[in-house]
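Peer 1: To start, I am sharing the structure in question, which I have written as structure tokens.
The values are calculated or read from the model by the stated rules, or taken from the named source; none is laboratory data. Predicted model, so just to flag it, every value in this text is computed and none were measured. Cβ sites come from the backbone with ideal geometry, for glycine too, and all protein chains shown count toward neighbours. The accessibility values were calculated without ligands, DNA or RNA, using every heavy atom of the protein model including side chains. Shrake-Rupley method; radii C 1.70, N 1.55, O 1.52, S 1.80 Å.
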Amino acid sequence: EDGSLFHKDYGDDDYRGDCFNFVGQMFNISYSEALRKVDTDLGLGISSGNPIREYEIPERPPIKERKIRKIEVETREFTQQDLDWWGAYHITYKDLIREHIYSVQVFYMENKFGEMKRMYKDHNELCFAYKFFNDDKHIGWKIYFPERENFKWFASVPNTTMEGMENITSLRRLIITKSRKDRIALSKILPNVINSQNESRSFLTEEYRKLFSHFREVYIWFDSDEPGVKACKKITEEMGWKYINTPTYLLEYNVKDPAAWIKLKGQKDI
């Protein structure tokens, strides 16, 4: 409201705040040390009273509300490579159709000017689109590049979106994982599995807090790496729930989530 700028890491709620918090988190220093670093690096001379350089502060443009950018998708038939990739997680063609997962030919994303821009995709690159609905109305897409290290996800749905609520059959136990792939894989061996969009607490809206309060037990099942365990602890301490992680020895095999565990061990060995 006052025009201040803040940052937030949706994968780890601890990484948030103003520009000084950002400097402190980037260099692992305290808030006061961050203030001194900014003062020294920019030559402001606030602490010494002797500025090294003078800066003209540009007029700051008005802050616009962040909006979710539209995504449009051209799908294609699943290739054998696509089906083999999903099959390794024991996820079948029927599962993909039921869960509205598609192979992507090309997709377009709205830029800051409101124009739909074609996004790059290599012809042989694995790329999938998750389609989202609300009361049978299509509300958006989530694009997934499973083999990328960076820019793996593009989404036009809110981070508060939960999936799999229609599959709940009892109020005894609920498991919340962090992706559609994990939910589909886990649902084959466990009942009442739903998923959020990431490992942050953004799904804990007032509506879902009330809904989750009706369950006898609620478990969070995020990744077993440091950010995932940290998120599990934070949410369960806040909500009074419990959490599950895949065994940490599997990190050696690059296995940190339930879908990857099922891929490695098979459904019967979990």
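Peer 1: Report, by residue number, each residue of the stretch 107-146 that is under 16 Å from the mean Cα position of the chain (by Cα) and outside any strand (DSSP E or B).
Peer 2: The answer is Phe145, Pro146.
Peer 1: Can you name the condition, by its number, that Phe215 falls short on among (1) open to solvent by 60 Å² or more (accessible area, probe 1.4 Å); (2) touching a Leu at 6+ places or on another chain (Cβ under 6 Å)?
Peer 2: Failed condition: (1).
Peer 1: Would you list the helices (runs of 4 or more DSSP H) that sit entirely within the stretch 162-270 and hold 3 or more residues that are more than 24 Å from Asp95 (Cβ to Cβ)?
Peer 2: Numbers: elements: 180-187, 206-212, 226-239, 258-265.
So the answer is 206-212, 226-239.
Peer 1: Whether any residue in the stretch 223-230 is more than 22 Å from Leu204 (Cα to Cα), among the hydroxyl-bearing types (Ser, Thr, Tyr), buried (at least 18 other Cβ atoms within 10 Å of the Cβ) and at pLDDT 95 or above is what I want to check.
Peer 2: No, the conditions are met nowhere in the stretch 223-230.
Peer 1: Moving on. Across the stretch 88-121, what is the number of residues that are without any contact (Cβ under 8 Å) to a residue 12 or more places away in the chain and within 14 Å of Arg76 (Cα to Cα)?
Peer 2: Taking the stretch 88-121 as the starting set, the residues that turn out to be without any contact (Cβ under 8 Å) to a residue 12 or more places away in the chain are 92, 94, 97-98, 112-115, 117, 120.
With within 14 Å of Arg76 (Cα to Cα) added as a condition, the list becomes 97.
Going through the stretch 88-121 one residue at a time, the tally reaches 1.
Peer 1: May I pose another question? Starting from the stretch 182-201, take each residue that is free of Cβ contacts under 8 Å to residues at least 40 places away in the same chain and list its partners that are open to solvent by 10 Å² or more (accessible area, probe 1.4 Å) and of a type in the set (Ser, Thr, Tyr), counting only C-beta distances under 8 angstrom and pairs at least six apart or across chains.
Peer 2: If the second residue must be open to solvent by 10 Å² or more (accessible area, probe 1.4 Å) and of a type in the set (Ser, Thr, Tyr), the pairs left are Pro191/Thr169; Pro191/Ser170; Asn192/Thr169; Asn192/Ser170; Val193/Ser187; Asn195/Ser179; Ser196/Thr161; Ser196/Ser202.
Peer 1: Let me ask something else about it. What residue, of Asn134, Asn159, Asn111, Asn150, is surrounded by 12 or more Cβ atoms within 10 Å (Cβ to Cβ) and at pLDDT below 95?
Peer 2: Being surrounded by 12 or more Cβ atoms within 10 Å (Cβ to Cβ) and at pLDDT below 95 holds for just one of Asn134, Asn159, Asn111, Asn150, which is Asn159.
Peer 1: Within the stretch 65-103, restricting attention to residues that are open to solvent by 40 Å² or more (accessible area, probe 1.4 Å) and aliphatic (A, V, I, L, M), which residue is nearest to the chain's Cα centre (by Cα)?
Peer 2: Among those that are open to solvent by 40 Å² or more (accessible area, probe 1.4 Å) and aliphatic (A, V, I, L, M), it is Ile68.
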